[in-house]
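Colleague: To start, I am sharing the structure in question, which I have written as structure tokens.
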Amino acid sequence: MTMTREVVWVRSPHAGELRGALAAGGGHVTVAGHGLLRVTGLTAAQVGDLAVEWGAPIHELRTSHHAD
């Protein structure tokens with residue numbers, strides 16, 4: 001049986017700071033492009049909440065599902 005997991009994509013002009021906050025919050029974060037982060041281990045709601053908590057503006061927030 002193939003399992004899928006949610007991938008959260010978030011773009012911010014403060015991606016470096018947000019990356020640290022998301023990692024501290026338990027997310028697995030990789031840089032996917034200029035200001036774009038790929039996050040697993042957190043939901044989109046958790047990513048948004050952490051961004052607000054850290055004062056990082058978000059210009060894009062979306063999800064996709066990836067097969068393991």
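Colleague: Using 1/(1 + (r/R0)^6) with R0 = 22 angstrom and r between the beta carbons of Ala32 and Glu6, what's the FRET efficiency to the nearest 0.05? Show your work: numbers first, answer last.
Modeller: Working: r = 15 Å, r/R0 = 0.69.
With R0 = 22 Å, the Cβ-Cβ based efficiency is 0.90.
Colleague: Considering the chain as a Gaussian network with a 10 Å cut-off on Cα pairs, which listed residue, Val39, Val31, Val47, attains the greatest mean-square fluctuation?
Modeller: Val31
Colleague: Moving to a separate point now. So what is the 222 nm mean residue ellipticity for the chain from helices alone, if each DSSP H run of at least 4 adds -39500 (n - 2.57) and you divide by all residues, rounding to the nearest 500 deg cm²/dmol? Walk me through the numbers before you get to the answer.
Modeller: Values: 2 runs with 21 residues, N = 68.
The per-residue figure over the chain is -9000 deg cm²/dmol.
Colleague: With +1 on the Cβ of every Lys and Arg and -1 on the Cβ of every Asp and Glu, and nothing else charged, how large is the dipole of the range 4-68 about its Cα centre, in debye rounded to the nearest 20? Present the calculation step by step, with values, prior to reporting the outcome.
Modeller: Working: 5 positive and 6 negative charges, 34 e Å.
It works out to roughly 160 debye.
Colleague: If you don't mind, there's one more thing I want to ask. Using the Cα atoms of the range 4-67, I'd like the radius of gyration and the largest Cα-Cα distance, Dmax, both in angstrom.
Modeller: When restricted to the Cα atoms of the range 4-67, Rg and Dmax are 10.2, 32 Å.
Colleague: Hey, what do the phi angles of the range 8-18 turn into as Karplus ³J(HN,Hα) couplings, whole Hz, using 6.51/-1.76/1.60 and θ = phi - 60°, x for Gly and Pro?
Modeller: Once rounded to whole Hz, the list reads 9, 10, 9, 10, 8, x, 10, 4, x, 5, 5.
Colleague: Run the quick spin-label model on Thr43 and Ser64: label points 7 Å from Cα toward the beta carbon, then report their separation in nm to one decimal.
Modeller: 2.2
Colleague: In the range 4-67, with Lys and Arg counted as +1 and Asp and Glu as -1 at Cβ, which of these residues, Ala24, Leu42, Trp9, has the Cα nearest the positive end of the dipole, that is, farthest along it?
Modeller: Highest projection toward the positive end goes to Trp9.
Colleague: Which cross-chain or sequence-distant (5 or more) residues have an amide H under 5 Å from the amide H of His14, H modelled 1.01 Å from N in plane?
Modeller: The answer is none.
Colleague: How would you rank Leu22, Leu50, going from fewest to most other Cβ atoms within 10 Å of each one's own Cβ? Numbers along the way, then the final one.
Modeller: Details: Leu22 25, Leu50 20.
Taking fewest neighbouring Cβ atoms as first place, the list is Leu50, Leu22.
Taken together, the values in this text are just the output of simple stated rules run on the coordinates, not laboratory data. For clarity, every value in this text was computed on a predicted model and none was experimentally measured. Using ideal geometry, Cβ is built from the backbone for each residue, glycine included, and neighbour counts are taken over all protein chains shown.
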